[in-house]
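The values are calculated or read from the model by the stated rules, or taken from the named source; none is laboratory data. None of the values given here were measured: they were computed from a predicted structure. In this analysis, Cβ positions are derived from the backbone assuming ideal geometry, glycine residues included, and neighbour counts consider all displayed protein chains. These area figures cover heavy atoms from the full protein model, side chains too; ligands, DNA and RNA do not enter into them. Shrake-Rupley method; radii C 1.70, N 1.55, O 1.52, S 1.80 Å.
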Amino acid sequence: MIPRHKYHPNSALVFAGAVVMVTLFVLSLFVEPAYPGIPPKLIKQARFLAAHGGVTGSCHGCATLRMQALTRKLVEYRFRPAGAGAVSTALCVVRGESGFNPGAISHTGDYGVAQVNRATWESVYPEWWQPVRGFRYALLDPVFNVNVMWSMSRWGTSWSPWVVYNRGYCS
């Protein structure tokens with residue numbers, strides 16, 4: 001005779017929990033990451049314009065006035081939780097590093113709005129230099145780059161990674 005397993009009341013709960021976890025995982029593959037504080041409409045506008053003519057070259061400031069204004073708004077919204085001083089410093093750093101051009105690439109290998117150095121960070125975060133959402137590199141996506149800047153600045157409290165700040169232009 002084959003022993004029958006008794007139905008355990010928690011087995012349905014365990015199964016339901018597993019289904020929920022798998023569903024959430026699958027959905028996470030298709031849902032954009034959240035960028036707290038940045039309005040979704042601004043994210044959409046900045047990405048669209050950066051990929052469709054808003055960036056006029058890879059030099060400092062080589063972006064349309066509209067692209068520069070959208071980049072400025074991205075920085076303002078992302079750094080707002082850290083206070084007015086952090087917003088002011090972040091804007092100064094971006095103005096000095098890229099001139100609000102999300103497509104800026106320097107001769108020293110610095111990329112995007114915050115001018116993240118490839119030689120320093122590629123071995124740590126190789127995915128930053130992969131194509132994403134129509135951009136040659138993830139760091140050329142203005143929303144992604146501003147979010148990287150937020151993390152690198154330790155949430156608006158440390159500006160040491162940027163030459164512009166270290167030389168006293170933004171203090």
Taking every pair of alpha-carbon atoms in region 88-171, what share in percent sits in each 5 Å bin, from 0 to the bin with the longest distance? 3, 17, 27, 29, 16, 7, 1, 0
Around Asp110: net Lys/Arg minus Asp/Glu count, Cβ-Cβ under 11 Å: 0
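Just to be sure I follow: if Rg is taken over the C-alpha atoms of region 43-100 and Rh is the Kirkwood radius over the same atoms, what is Rg/Rh?
0.99
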Per the 1.4 Å probe, what fraction of the accessible area of region 107-149, in percent, lies on carbon and sulfur atoms? 55
Around Val163, with a cut-off of 11 angstrom between Cβ atoms, what is the net charge of the other residues, counting Lys and Arg +1 and Asp and Glu -1? -1
Counting only heavy atoms of the protein chains, get the accessible area per residue of region 119-171 (1.4 Å probe) and round it to a whole Å² value. 56
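Of the listed peptides 75-83, 98-106, 56-64, what is their order by residue-averaged count of other C-beta atoms within 10 Å, with the highest listed first?
Values: 75-83: 18.8, 98-106: 23.9, 56-64: 15.9.
Top to bottom by mean Cβ count within 10 Å: 98-106, 75-83, 56-64.
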Per residue, how much accessible surface does region 37-114 expose to a 1.4 Å probe? Answer in Å², no decimals. 44
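Dipole magnitude of region 70-142 about its Cα centre, charges +1 at Lys/Arg Cβ and -1 at Asp/Glu Cβ only, in debye to the nearest 20?
Details: 8 positive and 6 negative charges, 54 e Å.
Dipole of region 70-142, to the nearest 20 debye: 260 debye.
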